1. Please list, ordered by chain and number, the residues whose modelled amide H lies under 5 Å from the amide H of Phe84; skip anything fewer than 5 residues away on the same chain.
2. Length gain on complete extension for the stretch Asn207 to Arg53, per 0.36 nm per residue less the alpha carbon to alpha carbon distance?
3. Just to check I understand the Karplus step: with θ = phi - 60° and J = 6.51 cos²θ - 1.76 cosθ + 1.60, what whole-Hz values come out for segment 190-196, glycine and proline as x?
4. Treat each spin label as a single point 7 Å out from the Cα along the C-beta direction, and report the Arg151 to Gln191 distance in nm.
5. Taking the alpha carbon gyration tensor of segment 123-189, what are the square roots of 5 times its eigenvalues, largest first, to the nearest whole Å?
6. Tell me which lysines have Cα within less than 17 Å of Lys211's Cα, excluding those fewer than 8 residues away on the same chain?
7. Quick one: length gained pulling Glu134 to Trp65 fully straight, 0.36 nm per residue minus the C-alpha distance?
8. When the accessible area of segment 157-197 is split by element with a 1.4 Å probe, what percent falls to carbon and sulfur?
Amino acid sequence: MTPARDPRSDARTAIENLRAWGVEEVLVPRRISTRRTPAKTGSGKAARLAALREEIGDCRRCGLWTGRTHLVFGVGDPEAEVMFVGEAPGSDEDRQGEPFVGRAGQLLTKIIEAMGLGRERVYIANIIKCRPPENRNPLQSEIGACSGFLRAQVEIISPRAIVALGTFSAQTLLGTDEKISRLRGRFHPYQGIPLMPTYHPAYLLRNPNEKKQVWEDVQKVMALLGGREPA
Ligand code: URA
(Lines give C-alpha, C1' and ligand atoms only; values in the text may rest on other atoms or scores of the structure.)
Protein backbone atom coordinates (compact mmCIF):
# COMPACT_ATOMS: atom_id res chain seq x y z
CA MET A 1 0.00 0.00 0.00
CA THR A 2 1.26 3.51 -0.80
CA PRO A 3 2.12 5.36 2.43
CA ALA A 4 -0.09 8.37 3.23
CA ARG A 5 1.46 11.67 2.14
CA ASP A 6 2.21 14.35 4.68
CA PRO A 7 0.26 17.46 3.58
CA ARG A 8 2.83 19.75 5.26
CA SER A 9 5.65 18.19 3.30
CA ASP A 10 3.52 18.46 0.11
CA ALA A 11 2.98 22.16 0.85
CA ARG A 12 6.71 22.71 1.51
CA THR A 13 7.59 21.04 -1.81
CA ALA A 14 5.03 23.21 -3.62
CA ILE A 15 6.46 26.40 -2.08
CA GLU A 16 10.05 25.39 -2.91
CA ASN A 17 9.00 24.69 -6.50
CA LEU A 18 7.31 28.07 -6.74
CA ARG A 19 10.40 29.88 -5.43
CA ALA A 20 12.55 28.00 -7.94
CA TRP A 21 10.18 29.31 -10.61
CA GLY A 22 10.67 32.88 -9.47
CA VAL A 23 7.03 33.14 -8.38
CA GLU A 24 6.58 35.58 -5.50
CA GLU A 25 2.83 35.96 -5.36
CA VAL A 26 0.30 33.17 -5.33
CA LEU A 27 -3.46 33.22 -5.72
CA VAL A 28 -4.68 30.54 -3.35
CA PRO A 29 -8.12 29.22 -4.34
CA ARG A 30 -10.66 29.40 -1.54
CA ARG A 31 -10.96 25.63 -1.52
CA ILE A 32 -9.27 22.95 -3.50
CA SER A 33 -10.67 19.48 -3.32
CA THR A 34 -8.90 17.29 -0.79
CA ARG A 35 -10.66 14.24 -2.14
CA ARG A 36 -8.48 11.14 -2.36
CA THR A 37 -8.90 8.06 -4.50
CA PRO A 38 -10.37 5.75 -1.83
CA ALA A 39 -13.34 8.11 -1.34
CA LYS A 40 -14.74 7.12 -4.71
CA THR A 41 -13.76 3.54 -5.31
CA GLY A 42 -16.65 1.68 -6.84
CA SER A 43 -17.36 4.32 -9.48
CA GLY A 44 -16.16 1.80 -12.06
CA LYS A 45 -13.74 4.20 -13.75
CA ALA A 46 -10.66 2.10 -12.98
CA ALA A 47 -12.36 -0.99 -14.41
CA ARG A 48 -13.51 0.90 -17.51
CA LEU A 49 -9.98 2.21 -18.10
CA ALA A 50 -8.60 -1.32 -17.67
CA ALA A 51 -11.16 -2.59 -20.21
CA LEU A 52 -10.13 0.15 -22.64
CA ARG A 53 -6.46 -0.80 -22.20
CA GLU A 54 -7.41 -4.37 -22.95
CA GLU A 55 -9.32 -3.30 -26.06
CA ILE A 56 -6.22 -1.48 -27.35
CA GLY A 57 -4.22 -4.67 -26.78
CA ASP A 58 -0.97 -5.19 -28.66
CA CYS A 59 -2.00 -2.39 -31.01
CA ARG A 60 -1.07 -2.46 -34.70
CA ARG A 61 -3.62 0.09 -35.91
CA CYS A 62 -0.83 2.30 -37.30
CA GLY A 63 2.82 1.74 -38.17
CA LEU A 64 4.28 3.01 -34.88
CA TRP A 65 4.05 -0.40 -33.25
CA THR A 66 7.14 -1.51 -35.21
CA GLY A 67 9.42 0.88 -33.29
CA ARG A 68 7.91 0.80 -29.84
CA THR A 69 9.15 -0.82 -26.65
CA HIS A 70 5.99 0.00 -24.68
CA LEU A 71 2.61 1.38 -25.57
CA VAL A 72 2.12 4.35 -23.20
CA PHE A 73 -1.53 4.26 -22.20
CA GLY A 74 -1.67 6.89 -19.45
CA VAL A 75 -1.13 7.08 -15.72
CA GLY A 76 -2.78 8.47 -12.62
CA ASP A 77 -6.01 8.58 -10.69
CA PRO A 78 -9.06 7.35 -12.64
CA GLU A 79 -11.04 9.77 -10.43
CA ALA A 80 -8.75 12.72 -11.21
CA GLU A 81 -10.23 16.20 -11.38
CA VAL A 82 -7.47 17.38 -13.71
CA MET A 83 -6.09 15.63 -16.75
CA PHE A 84 -2.85 16.66 -18.53
CA VAL A 85 -2.52 15.78 -22.20
CA GLY A 86 0.82 15.88 -24.03
CA GLU A 87 1.80 14.97 -27.54
CA ALA A 88 3.39 11.53 -27.72
CA PRO A 89 5.83 9.42 -25.73
CA GLY A 90 9.54 10.20 -26.10
CA SER A 91 12.36 7.73 -25.65
CA ASP A 92 12.22 7.66 -21.82
CA GLU A 93 8.46 7.14 -21.89
CA ASP A 94 8.75 4.43 -24.55
CA ARG A 95 11.32 2.63 -22.40
CA GLN A 96 9.35 2.91 -19.16
CA GLY A 97 5.78 2.70 -20.47
CA GLU A 98 4.71 5.83 -18.57
CA PRO A 99 4.01 9.35 -19.91
CA PHE A 100 6.19 12.31 -18.94
CA VAL A 101 9.02 10.60 -17.09
CA GLY A 102 11.98 12.26 -18.88
CA ARG A 103 13.34 15.78 -18.24
CA ALA A 104 10.16 17.46 -19.48
CA GLY A 105 8.19 15.04 -17.31
CA GLN A 106 10.17 16.01 -14.23
CA LEU A 107 9.27 19.64 -14.88
CA LEU A 108 5.61 18.65 -15.36
CA THR A 109 5.75 16.87 -11.99
CA LYS A 110 7.01 20.12 -10.41
CA ILE A 111 4.17 22.06 -12.03
CA ILE A 112 1.65 19.55 -10.67
CA GLU A 113 3.22 19.76 -7.20
CA ALA A 114 3.20 23.55 -7.34
CA MET A 115 -0.57 23.24 -7.92
CA GLY A 116 -0.74 21.48 -4.55
CA LEU A 117 -1.37 18.12 -6.19
CA GLY A 118 0.82 15.11 -6.92
CA ARG A 119 1.17 12.94 -10.01
CA GLU A 120 -0.92 10.24 -8.33
CA ARG A 121 -3.86 12.65 -7.96
CA VAL A 122 -4.06 13.73 -11.61
CA TYR A 123 -4.24 11.76 -14.84
CA ILE A 124 -1.56 12.12 -17.52
CA ALA A 125 -1.87 10.92 -21.12
CA ASN A 126 -0.84 11.83 -24.65
CA ILE A 127 -2.61 12.37 -27.95
CA ILE A 128 -0.96 9.23 -29.28
CA LYS A 129 0.26 6.22 -27.35
CA CYS A 130 3.40 5.11 -29.21
CA ARG A 131 6.63 6.95 -29.83
CA PRO A 132 7.10 8.41 -33.32
CA PRO A 133 10.59 7.80 -34.74
CA GLU A 134 13.11 10.58 -34.04
CA ASN A 135 10.38 12.24 -31.94
CA ARG A 136 8.79 13.67 -35.09
CA ASN A 137 5.26 15.06 -34.88
CA PRO A 138 2.59 12.36 -35.18
CA LEU A 139 1.07 11.96 -38.66
CA GLN A 140 -2.63 12.56 -39.29
CA SER A 141 -3.08 8.83 -39.98
CA GLU A 142 -1.50 7.98 -36.59
CA ILE A 143 -3.69 10.51 -34.81
CA GLY A 144 -6.74 9.13 -36.63
CA ALA A 145 -5.91 5.60 -35.51
CA CYS A 146 -5.26 6.55 -31.88
CA SER A 147 -7.11 9.66 -30.76
CA GLY A 148 -10.41 7.84 -30.19
CA PHE A 149 -8.75 6.09 -27.26
CA LEU A 150 -7.81 9.41 -25.66
CA ARG A 151 -11.38 10.60 -26.21
CA ALA A 152 -12.59 7.46 -24.43
CA GLN A 153 -10.16 8.07 -21.55
CA VAL A 154 -11.48 11.63 -21.18
CA GLU A 155 -15.03 10.34 -21.30
CA ILE A 156 -14.37 7.73 -18.59
CA ILE A 157 -12.38 9.99 -16.26
CA SER A 158 -14.57 13.02 -16.99
CA PRO A 159 -12.17 15.42 -15.26
CA ARG A 160 -13.31 18.88 -14.27
CA ALA A 161 -10.47 20.44 -16.26
CA ILE A 162 -7.96 19.43 -18.93
CA VAL A 163 -4.56 21.01 -19.45
CA ALA A 164 -3.31 20.64 -23.03
CA LEU A 165 0.48 20.72 -23.03
CA GLY A 166 1.98 22.43 -26.05
CA THR A 167 1.04 23.39 -29.56
CA PHE A 168 0.44 19.93 -30.92
CA SER A 169 -1.83 18.79 -28.10
CA ALA A 170 -3.83 22.03 -27.97
CA GLN A 171 -4.26 22.29 -31.75
CA THR A 172 -5.22 18.64 -32.14
CA LEU A 173 -7.73 18.62 -29.29
CA LEU A 174 -9.31 21.91 -30.33
CA GLY A 175 -9.16 21.25 -34.07
CA THR A 176 -7.46 24.54 -34.84
CA ASP A 177 -4.16 25.79 -36.22
CA GLU A 178 -4.16 28.86 -33.99
CA LYS A 179 -0.82 29.49 -32.25
CA ILE A 180 -0.38 28.26 -28.69
CA SER A 181 0.58 31.81 -27.66
CA ARG A 182 -2.94 32.89 -28.68
CA LEU A 183 -4.76 29.83 -27.35
CA ARG A 184 -3.17 29.75 -23.89
CA GLY A 185 -4.47 31.67 -20.93
CA ARG A 186 -8.19 30.95 -21.38
CA PHE A 187 -10.46 27.95 -21.28
CA HIS A 188 -11.83 26.31 -24.43
CA PRO A 189 -14.51 23.59 -24.42
CA TYR A 190 -13.42 20.04 -25.23
CA GLN A 191 -16.05 17.30 -24.93
CA GLY A 192 -17.92 19.76 -22.71
CA ILE A 193 -14.93 20.09 -20.33
CA PRO A 194 -12.95 23.32 -19.83
CA LEU A 195 -9.56 22.88 -21.48
CA MET A 196 -6.62 25.17 -20.73
CA PRO A 197 -3.86 25.17 -23.35
CA THR A 198 -0.42 26.04 -22.05
CA TYR A 199 3.21 25.72 -23.07
CA HIS A 200 4.78 22.25 -23.17
CA PRO A 201 7.30 21.56 -20.37
CA ALA A 202 9.95 20.72 -23.01
CA TYR A 203 9.46 24.25 -24.40
CA LEU A 204 9.86 25.62 -20.87
CA LEU A 205 13.19 23.82 -20.52
CA ARG A 206 14.39 25.81 -23.53
CA ASN A 207 12.53 29.01 -22.60
CA PRO A 208 12.49 29.27 -18.80
CA ASN A 209 11.19 32.85 -18.98
CA GLU A 210 7.81 31.48 -20.08
CA LYS A 211 7.34 29.57 -16.80
CA LYS A 212 5.42 32.49 -15.32
CA GLN A 213 2.85 32.26 -18.10
CA VAL A 214 2.34 28.56 -17.40
CA TRP A 215 1.97 29.36 -13.74
CA GLU A 216 -0.73 31.91 -14.62
CA ASP A 217 -2.51 29.28 -16.73
CA VAL A 218 -2.46 26.59 -14.05
CA GLN A 219 -3.61 29.09 -11.43
CA LYS A 220 -6.74 29.58 -13.55
CA VAL A 221 -7.23 25.81 -13.47
CA MET A 222 -6.77 25.82 -9.68
CA ALA A 223 -9.27 28.65 -9.34
CA LEU A 224 -11.76 26.65 -11.42
CA LEU A 225 -11.31 23.60 -9.21
CA GLY A 226 -11.43 25.68 -6.06
CA GLY A 227 -14.82 27.07 -6.92
CA ARG A 228 -16.65 23.98 -5.69
CA GLU A 229 -16.98 22.23 -2.37
CA PRO A 230 -14.83 19.10 -2.08
CA ALA A 231 -16.63 15.94 -3.18
N1 URA B 1 6.38 14.80 -24.24
C2 URA B 1 5.07 14.50 -24.40
O3 URA B 1 4.33 15.22 -25.07
N4 URA B 1 4.62 13.40 -23.80
C5 URA B 1 5.37 12.62 -23.05
O6 URA B 1 4.86 11.63 -22.52
C7 URA B 1 6.72 12.96 -22.88
C8 URA B 1 7.21 14.05 -23.49
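The values are calculated or read from the model by the stated rules, or taken from the named source; none is laboratory data. Given the structure is predicted, the values throughout are model-derived calculations rather than measurements. Please note: Cβ atoms are built from the backbone with ideal geometry, for glycine as well, and neighbour counts cover all protein chains shown. The area values use the complete protein model at the heavy-atom level, side chains included, leaving out ligands, DNA and RNA. Shrake-Rupley method; radii C 1.70, N 1.55, O 1.52, S 1.80 Å.
1. Tyr123, Ile124, Ala125, Val163
2. Values: separation 154, 0.36 × 154 = 55.44 nm, distance 3.53 nm.
Roughly 51.9 nm would be gained on extension.
3. Per residue, the Karplus-derived 3J(HN,Hα) values read 9, 6, x, 10, x, 10, 9 Hz.
4. Once both label points are built, they end up 0.9 nm from each other.
5. Working: eigenvalues 72, 57, 21 Å².
Semi-axes (√(5λ), whole Å): 19, 17, 10.
6. List returned: Lys110, Lys220.
7. Working: separation 69, 0.36 × 69 = 24.84 nm, distance 1.43 nm.
Length gained, Glu134 through Trp65: 23.4 nm.
8. Numbers: 800 of 1720 Å².
The nonpolar share, carbon plus sulfur, comes to 47 percent.
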